[in-house]
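Right, one structure below, let's go through it.
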Amino acid sequence: MAATIMSNLMPEMRSESRGMVVLFPEPYNPKAVAVCAGHGMIMPSNSAAQLENADFDNNTLVLVMNQSMKQKIYESYDRAINVYTLGEFAGAGETEIADPYGRGIDEYHQCFEQLYVLIEKAAEIIRKNMEEEKDD
């Protein structure tokens, strides 16, 4: 849902979703797809993809849902750089995103709303940084 929201708010920027444990390609969660569709956002028809060392470089920003994910990435990937929690990057401090997986549609709606607010703030920061880079 986060990548879909970012893609809708910043279509000029490539946004992708990666998983920490993807044992086999599987479609996105139908509840997440339905919640995004309810907000007029279409999730791509892609399957879940595993995060890999090759995904990290100086031009890649990795936003994760919570501090434990961030820690796990830095422990698991020797090329990991530019990894932030979404709350941290958006200026909301230690805000953590509750994983709705395995829960009801209401939890997916709540997660979407929380993501949307934080991604809106993150998009503003990214745009500001892009403008500053243009001016340099």
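The values are calculated or read from the model by the stated rules, or taken from the named source; none is laboratory data. Here the structure is a predicted model, which means the values were calculated and not measured. Ideal geometry is used to build each Cβ from the backbone, glycine not excepted, and the neighbour counts take in all protein chains shown. Side chains are part of the model used for accessible areas, which takes the heavy atoms of the whole protein and leaves out ligands, DNA and RNA. Shrake-Rupley method; radii C 1.70, N 1.55, O 1.52, S 1.80 Å.
Counting only protein heavy atoms and using a 1.4 Å probe, what share of the accessible area of region 1-133 belongs to carbon plus sulfur, as a whole percent? After summing per-atom areas, the C and S share lands at 50 percent. Estimated from the Cβ-Cβ distance and a Förster radius of 22 angstrom, the FRET efficiency linking Lys121 and Ile81 is about 0.50. With the charge dipole of region 1-124 set up from +1 on Lys and Arg Cβ and -1 on Asp and Glu Cβ about the Cα centre, the Cα lying farthest toward the positive end among the listed residues Gly104, Met20, Leu115 is that of Gly104. What the chain shows is 63 Å² of accessible area per residue, with the surface traced by a 1.4 Å probe over protein heavy atoms. Each principal axis of the Cα atoms in the chain has its own extent, and those three values, largest first, are 46, 32, 29 angstrom. Rounded to the nearest 20 debye, the dipole size of region 58-120 about its Cα centre is 240 debye, using +1 on the Cβ of Lys and Arg and -1 on the Cβ of Asp and Glu.
R0 = 22 Å: FRET efficiency of Ala98 with Ala48, Cβ-based, nearest 0.05? Don't jump to the answer; show the numbers that get you there.
Numbers: r = 19 Å, r/R0 = 0.87.
Given R0 = 22 Å and the Cβ-Cβ separation, E is 0.70.
Placing unit charges on the Cβ atoms only, positive for Lys and Arg and negative for Asp and Glu, gives region 1-113 a dipole magnitude near 160 debye about its Cα centre.
Let me confirm the definition first: pairs of Lys residues in the chain, 8 or more apart or on different chains, C-alpha distance under 28 Å. How many are there?
7
Consider all pairwise Cα distances in region 37-101 and report the whole-number % of them above 21 Å.
Working: 739 of 2080 pairs.
Result: 36 percent of Cα pairs exceed 21 Å.
Of the residues Tyr108, Tyr74, ranked by 1.4 Å probe accessible area with the largest first, the sequence reads Tyr74, Tyr108.
Given just the C-alpha atoms of region 8-54, how large is their convex hull per residue in cubic angstrom? Show your work: numbers first, answer last.
Values: hull volume 4.4 nm³, N = 47.
Looking at region 8-54, the number lands at 93 Å³ per residue.
How would you rank 40-46, 21-27, 120-126, highest first, on the average number of other Cβ atoms within 10 Å across their residues? Provide the component values of the computation, followed by the final result.
On the way: 40-46: 12.3, 21-27: 9.6, 120-126: 16.6.
Most protected by this proxy first, the peptides run 120-126, 40-46, 21-27.
Between Gly93, Met6, Asn59, the Cα set farthest toward the positive side of the dipole of the chain (charges on each charged residue's Cβ, about the Cα centre) is that of Met6.
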